[in-house]
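Here the structure is laid out as structure tokens; the discussion comes afterwards.
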Amino acid sequence: MRVSGVLRLLALIFALVTTWIFIRSYVSLDMKTIRLPRWLGFSGAKKIRVVKTKCGLSKPCPNNFFAFKISSGAANVVGPTVCFEDLVIMSPVKNNVGRGLNIALVNGTTGMVLTQKYFDMYSGDIKLLVKFLKEIPEGALVLVASYDDPGTKMNDETRKLLSSLGSSYAKQLGFRDSWVFLGAKNLKDKSPFEQFLKNNPGTNKYDGWPELLELEGCVPRKVF
């Protein structure tokens with residue numbers, strides 16, 4: 001073997017041993033923490049703390065507040081999602097959502113889920129929704145998400161009942177509009193938790209539907 005070949009082999013072995021020593025010195029076995037040497041300008045391991053929020057909110061809620069996130073459906077393809085206190089109450093994965101209005105009721109004091117149902121607002125029986133809205137118990141929070149068409153079967157009685165929950169847009173709700181809302185029975189003022197997009201061919205994001213809406217926030221216990 002030529003001398004140059006031996007030197008190259010020794011250089012390769014040296015490089016491998018050096019790399020192995022570096023990894024052993026500065027990378028922990030569980031690969032969760034990397035300690036950079038002081039000569040790179042770092043005094044020690046830098047740990048990044050990731051704060052997990054309920055329902056994936058952008059920031060955590062204060063004490064005595066409930067976290068929620070409501071997403072409307074996307075066109076007639078992706079169903080809505082309703083999350084409350086990190087519990088997904090309704091979603092396509094749970095297979096308990098449907099065309100029309102998807103509604104979940106939650107105890108406004110304890111945060112316990114009371115019930116969840118969806119009502120077909122295109123070809124369903126509007127009397128079922130009217131009965132449901134009239135039977136909402138006092139102190140219950142009402143979380144609503146639209147999917148596909150929330151307005152075709154809407155009548156004056158239904159709009160009045162939804163408005164009494166604190167909605168500002170129930171009177172406008174129509175064919176294929178997007179709507180997300182959180183309110184409560186006999187709310188004295190309008191709810192601050194509501195978003196609405198009108199079905200408009202000139203501004204729709206999807207072919208025949210406006211874009212999906214996402215509503216998140218923190219609601220205090222016994223606020224309504």
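The values are calculated or read from the model by the stated rules, or taken from the named source; none is laboratory data. None of the values given here were measured: they were computed from a predicted structure. Here Cβ is always computed from backbone atoms with ideal geometry, including for glycine, and neighbour counts include all displayed protein chains. Accessible surface areas use protein heavy atoms only, side chains included; no ligands, DNA or RNA. Shrake-Rupley method; radii C 1.70, N 1.55, O 1.52, S 1.80 Å.
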In the range 64-208 the accessible area split gives carbon plus sulfur, as whole percent at 1.4 Å, a share of 51
Gap in Å between the Cα centre of the range 194-224 and the Cα centre of the range 54-129?
13
Point-to-point label distance, VAL51-GLN172, nm (Cα→Cβ direction, 7 Å offset):
3.4
Translational D in µm²/s for the range 144-185 (Stokes-Einstein at 10 °C, 1.306 mPa s, Kirkwood Rh from C-alpha pairs)
155
If you average over every viewing direction, what projected area does the convex hull of the Cα atoms of the range 84-170 give, in nm²?
5.7
Per-pair calculated FRET efficiency, R0 = 45 Å: ASN63 and LYS198 via Cβ, rounded to 0.05
0.75
Any number yet on Rg/Rh for the range 47-132, C-alpha, Kirkwood?
1.05
Relative contact order (percent) for the range 127-180, with alpha-carbon contacts under 8 angstrom and 6 or more residues of separation?
46
PHE132 to VAL78: extension gain in nm, 0.36 nm per residue of separation minus the Cα-Cα distance?
17.0 nm
Cross-link list LYS54/LYS190; LYS160/LYS185; LYS190/LYS222; LYS69/LYS127; LYS131/LYS160; LYS131/LYS185: which exceed 18 angstrom alpha carbon to alpha carbon?
LYS54/LYS190; LYS69/LYS127
When all protein chains stay in place, what accessible area (Å², nearest 10, 1.4 Å probe) is found for LEU213?
20
May I ask you to list the aspartates and glutamates whose Cα is less than 13 Å away from that of LYS205, ignoring any residue fewer than eight positions away on the same chain?
ASP177
For the range 96-224, average projected area of the Cα convex hull in nm²:
7.5
